[in-house]
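Worksheet: the structure to be examined is printed underneath.
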Amino acid sequence: MSIESKRTSQELRVGERFLGDERFALIAGPCTVESREQTLQSAAAVRDAGATMFRGGAYKPRTSPYAFQGLGQEGLRLLAEAKRVTGLPIVTECMDARDLDQVLEVADVIQIGARNMQNYALLREVGRSERPALIKRGFSSTLDELLLAAEYVLKEGNEQVILCERGIRTFETAYRFTLDLAAVPVLKERTHLPVIVDPSHAAGRRELVAPLARAAAAIGADGVMVEVHPDPARAICDGAQSLPTSALAELAEQVRAAAELVAGADTLLAA
Ligand code: PEP
Ligand code: MN
């Protein structure tokens, strides 16, 4: 009896970094870009932990229109500086096709957030760009719907798509969303696209992030994306689920060990 390797996806090159195939990726950074100091401190810690890419939102999809909406263009400038200083590729969200040109100036990977997973006009525009796209599963979307969202990008000729499970809405209220880890092997059965997991938005609280990240790595995800902040208590958004940047190196060790459990995979953090 052979044990099938769960990590056989298309390899994607992002700058000098790789994701997919046998490379396990760790993407980390703050929920949102808040200030120059917070951004550069976070990015340095993410680099020092040996992570693959730096994440951070300049445009934030907030449930309330009165909540902080992100620094916008100024946030993009800070991300560009973080990239210059650390050399890390940048993952950042584009919420509106009208902002895409600006976002493309700094984003190595364009994030489509859960709330925009079915924004077909945006998906099409991102499909016309040549930049890798990270599509987060809508929190009430089926896996079929996620795969069809990816098809919108692929259909325009952009084959560099990463899928991200980030928790779905269920009756359970003990955590923010329910992380659907079964999505990982099911998506891998159905597609060659790399599949990553965001335990931070699923959990809503930092105590759950490391165990969920380890589980994601062990079930065969191609990477995890986590929120970190130099001082989570003072974060403008999602502080409760953010790990302190000082915890990231240990998390990196843990997920690397868990990823190595996957049968047949010779996994390395894709530095
Ligand atoms: C995020 O990753 O910054 C984010 C807003 O997540 P989601 O779209 O999954 O809610
Ligand atoms: Mn967040």
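The values are calculated or read from the model by the stated rules, or taken from the named source; none is laboratory data. Fair warning: this is a prediction, and the values are worked out from it, not measured in the lab. As a convention, Cβ positions derive from the backbone with ideal geometry for all residues, glycine included, and neighbour counts pool all protein chains shown. Just the protein is used for accessible areas: all its heavy atoms, side chains included, with ligands, DNA and RNA removed. Shrake-Rupley method; radii C 1.70, N 1.55, O 1.52, S 1.80 Å.
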Exercise. May I ask you to verify whether Glu130 is in a helix (DSSP H, G or I) and open to solvent by 10 Å² or more (accessible area, probe 1.4 Å)?
Key: no
Exercise. Just name the residue that is nearest to ligand 2 (Cβ to nearest atom) out of those in the range 18-62 that are within 16 Å of Thr245 (Cβ to Cβ), of a type outside the set (Ser, Thr, Tyr) and assigned to a loop (DSSP other than H, G, I, E, B).
Key: Cys31
Quiz item: Do we have any residue at all in the range 3-15 that's open to solvent by less than 10 Å² (accessible area, probe 1.4 Å), closer than 22 Å to Gln254 by Cβ and free of Cβ contacts under 8 Å to residues at least 60 places away in the same chain?
Solution: no
Quiz item: Could you list, in sequence order, the residues of the range 223-253 that are in a helix (DSSP H, G or I) and open to solvent by less than 30 Å² (accessible area, probe 1.4 Å)?
Solution: Pro232, Gly239, Gln241, Thr245, Leu248, Leu251, Ala252
Quiz item: From the set of residues in the range 160-179 that are touching a residue at least 24 places away in the same chain (Cβ under 8 Å) and assigned to a loop (DSSP other than H, G, I, E, B), which is nearest to Glu11 (Cα to Cα)?
Solution: Gln160
Quiz item: Considering only the range 189-210, how many residues are open to solvent by 10 Å² or more (accessible area, probe 1.4 Å) and within 14 Å of ligand 1 (Cβ to nearest atom)?
Solution: 2
Quiz item: Would it be correct to say that Pro65 is at pLDDT 95 or above, touching an Asp or Glu at 6+ places or on another chain (Cβ under 9 Å), in a loop (DSSP other than H, G, I, E, B) and closer than 17 Å to Arg115 by Cα?
Solution: no
